[in-house]
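Asks: Please find one structure pasted underneath; my questions will follow.
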Amino acid sequence: MNNNIPKQKVKFKAKNKKWREQCIKGFINKSSFGTSEKSELKKFYDAYNGNLNETDYNYVINPYNSASNSKRNFPARLRCYNIIRPVIDLLLGEKAIRPSTHQVVVKNADAESKFMDEKNKVLMEYMQQEYINELNAQGVETGQESVEQEKPQELQEKFTSNYKDERAIVGQEVLSYITSSLDMDDKFQKGFFDWLVAGQVFTYKGTCMNEPEYEIVSPLDIDYEKSPNSDYIEDSDWAARKSIMSLNEVVDRFYDLLEEKHIDKLESHTSKHREGISGTTMARSILGLNGGGEQTISDRMIEVIHVTWKSFQKIGILTYIDEAGTEQMIEVTDIYVADEDQSIEWFWVNEVWEGYQIDGDIYLGIRPLEVQRNQMMNLSSCKLPYNGRIYSNRYSENVSIVSMGMPYQVLYNVFHYRLELSIAKNKDKIALVEMNMIPKRHGWDEEKFMYYADAMGYMFIDSTAEGKNRERVTFNQFQVLDMSLGQYIAAQFQLLQAIKQEWEDLVGITRQRKGNINSSDSVGATERSVAQSSTITEELFRRFEKVEEKDLLGLLDVCKYAWQDGKKSNYITSEGYHAILSVDPINFTESEFGVFVKNNSAERNKLQVMRELAMSFAQNGASMSTIAEILDSDNFTKIKSLVKKVEEKQMQMQQEAQQAEQQAQQAQMQMEEAAKQAEAMENEAERQHTSIENELDRELQRELKGLDIEKEKEGDDGQEIENRKQNLEEQKFNHQRNVDKESLKIERIKANKSGSSNTK
């Protein structure tokens, strides 16, 4: 077998068809899809599913290595009592409810300058509004209203905490879109299953019809080669993936590359490569990811191997002077021919290639990968489309939860087998009865004798019976044998529980974490047990979340290529809201993003505390919709913004209440002042009324007295005097009417005062 890899440091023109096919053949020959390592991984998946190979237990069920089946027919059967699957399912369930908090940032060199530009813009708007407020306060007509503003320090702190680059906002929206459209949560869950069972997780990301694609790759179907210092498969030198596809699936996938002769060959069923694998069995037990169970390969099933590797490319940095006289630099390939006035600096950099081998001898799509994922500061940096991680370090082999549990599972099955054998041997107590004691002369036989013993609880004997040698049979020949194994069985059962407990303690799964809480357990002890258990398994989640972080970042890079002409779409967010995605191709493709994942264990604890405080929020005036959003949200940052809105609303309500109280106090003071004025008016009216009334009485008395004197002087004929007296009486009547009007006015003032008092 030829494992030689062609030389990669060659110019693009030299990378002809022969060179490309030799690269595919060389990397496939270096790969190993049927080695003992893959067989070991297959055993891990079988262990999770409860499938056991009895040949692994021959030292127990056939200790004498007997070839005869009759000598291996014990009264017990080896079965799998799965203690691994509950632990895996528990961790899978916890992964499903862990909050997802991925944050996108921009890593471009101009990120800081954009931040300062936006900050200066905000400060300039603040100073302009302050100037307008000052002019309005001085009475200058500005044509704009005054606006109350925050203090400069508060404004600066608010801007720093809330600022986000517009490119980062678009990146966050793109991340939300692909998370929803590609069903990333479900795929991450499948990947985490591989991570727990095999201790390995592999993924693929690429483009299809100008859209990103993402899938979880089975650890049984991929091989790679990377340096010990690399943690992730995307940094490997090469990676190869084997798939078994139907003929129609191959045509669907490669219709634009397949020639007519290729389809005729695939349909002819004459491939020697296919004859070698036809009728064999291939492991496909990834629990639903690849169909499950074992699949027999028919003559219409075709082997497709996808190979990706890092080759070398010669590129140059061309320096030239443009029409404006400015020096410019662009990147060119090795086929570019420079002019005399141009200078080129050449470099050899990495370049990812890919290609397919179909049915052993058909080679298609061998070309540079469309999405190179280069870094702006490093022209040679590139990533393979395959990524993944292995739960191991440079000093140990691959470790998974199932691999740690296999010895306990074997021991648990063996002891269950022994327990079943013990139960089969258990005969309880046996009575030995002399058969001659059965009263046969009365027509009894063994069957009737045993019937009365079982049904009635007693049996009759013949005391006159004789033995075989005509000796008399006595009662003292009866014996009871104790064949019970109850204590031994109980000890075995306790041993089984000890094995299971030791296995769960090894991976950090306590009974409190499983919800098995005794009445004697205190709240503090239960919380400490759950917290300590979560600490032990947290490293499993943390390492896998770093794979999520790398893949999400890779998908953003893939979207840059897929959406070179922009992207507009509608989608539903994880919270169930309708959102619109609009991507500007220029800003998006020129952005270098970073994706960061917060510590989800800490986030989960904070979310739990906030949800427990939701009731107190409701009691403090928060609306039911806000409480519902807090309970529904899995993002602590969003909950903080909701709580901040509630606090702002509460402060606004407090300010409105204070204003209402101040207005009420002012109204009270106004009413008290009005009452004082009414009382003063009443006193003044009474004083004036009394003064006028007294003055009118005195004047009337003077007039009447003067008339009487004149009447005495003139005698009895005093008609003129009578007329004057009558006029005075009319004046008195008019005066009295005026007095009544004044009294009515005073009564009205009193009534108004009484009404004001009631209003208080």
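Read-outs throughout are calculated quantities, based only on the coordinates presented, and are distinct from any laboratory measurement. Nothing here was measured: the structure is a model prediction, and the numbers come from that model. Here the Cβ positions follow ideal geometry from the backbone for every residue, glycine too, while neighbour counts run over all protein chains shown.
Asks: Cα-Cα pairs above 16 Å in region 308-402: how many percent?
Replies: Tail fraction, whole percent: 70.
Asks: Can you work out the Karplus-derived ³J(HN,Hα) for every residue in region 82-91? Use 6.51 cos²θ - 1.76 cosθ + 1.60 with θ = phi - 60°, whole Hz, and x for glycine or proline.
Replies: 5, 10, 8, 4, x, 5, 4, 5, 5, 5
Asks: If you don't mind, another one. Between Ala498 and Asn53, take the C-beta separation as r, use R0 = 25 Å, and let me know the FRET efficiency to the nearest 0.05.
Replies: 0.45
Asks: Also, I was wondering about something else. List residues of region 49-88, by number, whose backbone nitrogen lies under 14 Å from a label position 7 Å along Cα→C-beta of Leu421.
Replies: Label zone hits: 57-66, 71-79.
Asks: Also, quick follow-up: Tell me which GluC sites (Glu not before Pro) from region 484-540 have a DSSP coil assignment and no more than 10 other beta carbons within 10 Å of their own.
Replies: Hits after loop and neighbour filter: nothing returned.
Asks: Between Val10 and Gln342, how high is the FRET efficiency from 1/(1 + (r/R0)^6) when r is the Cβ-Cβ distance and R₀ = 22 Å? Nearest 0.05.
Replies: Computed FRET efficiency for Val10 and Gln342: 0.35.
Asks: If you don't mind, another one. Quick check: pseudo-label points 7 Å beyond the Cα along Cα→Cβ at Val105 and Thr526, how many nm apart are they?
Replies: Those two pseudo-labels are separated by 4.0 nm.
Asks: Report the percentage of all Cα-Cα pairs in region 467-567 whose separation exceeds 21 Å, rounded to a whole percent.
Replies: Roughly 69 percent, once rounded to a whole number.
Asks: Distance cut-off 27 Å, Cα to Cα: go down the list Lys11/Lys567; Lys25/Lys560; Lys17/Lys242; Lys242/Lys265 and report the pairs above it.
Replies: Violating the 27 Å limit, Cα to Cα: Lys11/Lys567; Lys25/Lys560.
Asks: Points 7 angstrom from Cα along the Cβ direction at Met671 and Ile263: gap in nanometres?
Replies: 9.4
Asks: Further question: Let's test the formula: R0 of 41 Å, r as the Cβ-Cβ distance of Leu432 and Ser246. What FRET efficiency results, to the nearest 0.05?
Replies: After rounding to 0.05, the efficiency reads 0.05.
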